[in-house]
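Asker: Have a look at this one before I ask anything.
Bear in mind that the values in this text are calculations on the coordinates, not laboratory data. Predicted, not measured: the structure shown is a model, and the values here were computed from it.
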Amino acid sequence: MRVVLDANVLVSAAISAAGPPRQIVSAWVDGRFELIASPALLEELSDVLARPRFRRFISIATAGDFIDGLAEDAEILDAPPTISSPATGTCSTSQTPTRRCSPRASSSTCSARDYAAGAAGAA
């Protein structure tokens, strides 16, 4: 199953170790679905997590690691798939990914999968 998560879900997962958003990201980490993201989504996450009000929940460095991990581990598409008329009930998912990455086996930074699994530590 391929899933696109709203930026709010990803922000909540990044700043809180508990709750449904983190459970959703953990399901991705466990391989229960394939995460689809876009450059626009990653930019939105970067903008939101850079806001001063989030410093008490997550450091700039940890937020950067989380976003970098998403960019590394998710399938990145330039634009969402085209959806046809609701009357036909079909959608096109033939979009070619701009990059398909696998989880980082070794890295000096924490991937999103590592972060969601609790390896990133406290903010």
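Asker: Stretch Glu34-Asn8 to full length: gain in nm at 0.36 nm per residue minus the Cα-Cα span?
Answerer: On the way: separation 26, 0.36 × 26 = 9.36 nm, distance 1.82 nm.
Value of the extension gain: 7.5 nm.
Asker: Here's another thing I want to ask about it. Between Ser46 and Ser16, what is 0.36 nm times their sequence separation minus the Cα-Cα distance? Round to one decimal in nm.
Answerer: Values: separation 30, 0.36 × 30 = 10.80 nm, distance 1.65 nm.
That pair, Ser46 and Ser16, stretches by 9.2 nm at full extension.
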